[in-house]
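The values are calculated or read from the model by the stated rules, or taken from the named source; none is laboratory data. Remember, predicted model here, so these are calculated numbers, not experimental data. Backbone-built Cβ (ideal geometry, glycine too); neighbour counts: all protein chains shown. Keep in mind that these areas ignore ligands, DNA and RNA; they rest on the heavy atoms of the full protein, side chains included. Shrake-Rupley method; radii C 1.70, N 1.55, O 1.52, S 1.80 Å.
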Amino acid sequence: MTIKGKASDFRDYFRDRLESLSSILRSRADVSGATTASQVPDGLKWHKVKFIGMVNSKKEFRDGTVVVELEDEEGLVKVTFRGDEAIKKKAARLLVDEVVCVLGATRNGSSVIAEDVIWPDIPYLSRTPAPSSDHAYAVLTSDVHIGSKTFLRDDFERFLGWLRGETDEPRLNEIANKTKYLVIAGDLVDGVGIYPNQEEELEVADLYDQYRIAAEYLSTLPDRIKIIIIPGNHDACRPTLPTPPIYSDYAAPLYSMRNVLMLGDPSFVNLSGATFLLTHGRSLDDVIPFLPDCNFREPQRAMVELLKSRHIAPIYGEKTPLAPEPKDRLVIDPVPDIFHAGHVHVEGVAEYRGVLVVNSGTWQSQTKYQLSAGIAPKPSVVPVVDLTTMKTYELNFS
Ligand code: D5M
Ligand code: FE
Ligand code: ZN
């Protein structure tokens, strides 16, 4: 592929992102009548304008004033957020490459003083409970990191034992017996060659062996549990988002299991009437540092912000590589009932406008890198969702 071809692929990709998110924005009554950024009208006097564009750049000044450029395919507008704290706070939340609607005032049409910002966001969902009263459960996990020296084998085996019904506690046993789905949101294995000198931290140095062990573990579960697996950045897969399922060559033992469903990242999947949006959550590394009021100890908060942006990886050019497909499949559409990610190694649950937002933690204790970066994982805690009521339980296997 030539560099020229690549550049135009990215142009098409971002054109589709702008179109898809614009049309989500335009479905809001408060956005109706908005122009695009390049079509903001000029005039002889100051006049009100409303327009949609993609954030092309963002500068923050010491007094909290924020200047962004909002662009579409034909051109861009300079937008200044200054004055009251409320508008500066909203501007601080803007992410580069996301698509928003700005309300403001201008004279020349090319430089706007902002009065408000509207994100695509999601409508309030009122979910009809699944008609069955049999309370099927979905068990959500991720970041098992099989093959790593820091894989918490005892905890993970206790967890599988619980799913097999080997617990004395009647209530816990009842949940295990009614579990229909085990969802694994990436990083099933630790992989090989993922970061420099990884071999020093591997107990199982062969990728085929890692997947063989993973399949052996999952084969101990009853067949009635459907296992859904998407790739993470440690799995054997293409490194870009969207990511096709884990390579069938390496993960052959998983592909040969009849109750295993191997999907890509992201994936929408319907489980007993509930729509899940599954992604590993790599972009959380990119967005958390830029989002006010978000941190790595509560990844679910950043996931709520992704729902407001209606995009799984809004910022381009940080750590998450994107594949420039003609259609932006990272746009969050439709709105799921459950938004499930992992990657950050900290379990956390939130509810936003009727959507259950879950980060499913890890089965790996603190790695050397995480120690040096001050990242404290919260391993061996598993969110379990009653798909009839959406009630969530957090079970601890440490
Ligand atoms: O990532 C687990 C978490 O730790 C995630 O928030 C990224 C962070 N992490 C881990 N290793 C690194 C390196 N080498 N650089 C930056 N950030 C890192 P996981 O996908 O399990 O490795
Ligand atoms: Fe991980
Ligand atoms: Zn990861």
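For the stretch 314-363, which positions are within 16 Å of ligand 2 (Cβ to nearest atom) and of a type in the set (D, E, K, R)?
Lys319, Glu347
Of all the residues that make up the stretch 216-246, how many are assigned to a strand (DSSP E or B) and within 19 Å of Arg329 (Cβ to Cβ)?
Total meeting the criteria: 5.
Criterion first (more than 26 Å from Ala376 (Cβ to Cβ), modelled with pLDDT of 95 or more and part of a helix (DSSP H, G or I)) does Glu166 satisfy it?
Here the answer is no, as Glu166 does not meet what is asked.
Among the residues of the stretch 57-95, write down those that are of a type in the set (Lys, Arg) and either in contact with a helix residue (DSSP H, G or I) (Cβ under 8 Å, 6 or more places away or on another chain) or open to solvent by 30 Å² or more (accessible area, probe 1.4 Å) (or both).
Lys58, Lys59, Arg62, Lys78, Arg82, Lys89, Lys90, Arg93
Tally time: how many residues in the stretch 324-357 are of a type in the set (A, V, I, L, M) and more than 18 Å from Asp285 (Cβ to Cβ)?
Qualifying residue count for the region: 8.
Kindly list, by first and then second residue, each pair from a residue in the stretch 275-293 that is under 14 Å from His311 (Cβ atoms) and within 14 Å of ligand 3 (Cβ to nearest atom) to a residue that is β-branched (Val, Ile, Thr) and part of a loop (DSSP other than H, G, I, E, B), limited to pairs with Cβ atoms under 6 Å and residues at least 6 apart or on different chains.
Thr279/Ile312; Arg282/Thr320; Ser283/Thr320; Leu284/Val344; Asp286/Ile315; Asp286/Thr320
If I filter the stretch 170-204 down to residues being assigned to a strand (DSSP E or B) and out of contact with any helix residue (DSSP H, G or I) (no Cβ under 8 Å at 6 or more places or on another chain), which single residue comes out as farthest from Ala214 (Cα to Cα)?
Lys180
Tell me the helices (runs of 4 or more DSSP H) entirely within the stretch 273-392 that contain at least 3 residues that are open to solvent by less than 40 Å² (accessible area, probe 1.4 Å) and under 30 Å from Ala176 (Cβ atoms).
Result: 299-309.
So, of the residues in the stretch 96-119 that are touching a strand residue (DSSP E or B) at 6+ places or on another chain (Cβ under 7 Å) and assigned to a loop (DSSP other than H, G, I, E, B), which turns out to be least open to solvent (accessible area, probe 1.4 Å)?
That would be Glu98.
Out of Ala251, Ala274, report the one residue that is more than 22 Å from Pro324 (Cα to Cα), touching a Phe, Trp or Tyr at 6+ places or on another chain (Cβ under 7 Å) and away from ligand 1 (no atom under 15 Å from the Cβ).
Matching residue, one of Ala251, Ala274: Ala251.
Could you check, for the stretch 358-367, whether at least one of its residues is within 16 Å of ligand 3 (Cβ to nearest atom), within 24 Å of Thr320 (Cβ to Cβ), modelled with pLDDT of 95 or more and in contact with a Gly (Cβ under 6 Å, 6 or more places away or on another chain)?
Yes, some residue in the stretch 358-367 is within 16 Å of ligand 3 (Cβ to nearest atom), within 24 Å of Thr320 (Cβ to Cβ), modelled with pLDDT of 95 or more and in contact with a Gly (Cβ under 6 Å, 6 or more places away or on another chain).
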